[in-house]
Amino acid sequence: MVERRIIEGEQHIAHQETVIAQLKRDGRDLAIALSVLDTLIDTQKAHLQERALIVAEVAKRSG
């Protein structure tokens with residue numbers, strides 16, 4: 001489940017970067033789009049930390 005969240009997070013970030021590029025080309029305000037991107041990046045970091053914790057716990061129990 002964590003891996004799926006990480007993959008989906010990468011896709012959401014890439015999509016948001018595309019949205020930002022389009023808004024920039026159109027001369028539109030980027031404030032909200034950049035805020036959304038920041039939130040997506042923060043969420044992705046949390047998912048990566050969660051995965052690291054799970055991996056560490058599995059390693060601890062295995063070894």
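The values are calculated or read from the model by the stated rules, or taken from the named source; none is laboratory data. Everything quoted here is computed from the prediction, not taken from an experiment. All Cβ positions, glycine included, derive from the backbone under ideal geometry; neighbour counts span all protein chains shown. Quick note on the areas: whole protein, heavy atoms, side chains included, nothing else; ligands and nucleic acids left out. Shrake-Rupley method; radii C 1.70, N 1.55, O 1.52, S 1.80 Å.
Here are some notes:
- Tally of residues being in contact (Cβ under 8 Å) with a residue 12 or more places away in the chain and either open to solvent by 90 Å² or more (accessible area, probe 1.4 Å) or not β-branched (Val, Ile, Thr) (or both) across the range 38-63: 6
- Arg28 vs. criteria assigned to a helix (DSSP H, G or I) and either touching a residue at least 12 places away in the same chain (Cβ under 8 Å) or at negative phi (or both): no
- Residue satisfying all of: in the range 26-37; touching a helix residue (DSSP H, G or I) at 6+ places or on another chain (Cβ under 7 Å) and open to solvent by less than 70 Å² (accessible area, probe 1.4 Å); nearest to Val55 (Cα to Cα) among these: Leu37
- Filter result (open to solvent by less than 90 Å² (accessible area, probe 1.4 Å) and not hydroxyl-bearing (Ser, Thr, Tyr)) within the range 8-25: Glu8, Gly9, Ile13, Ala14, Gln16, Val19, Ile20, Ala21, Gln22, Leu23
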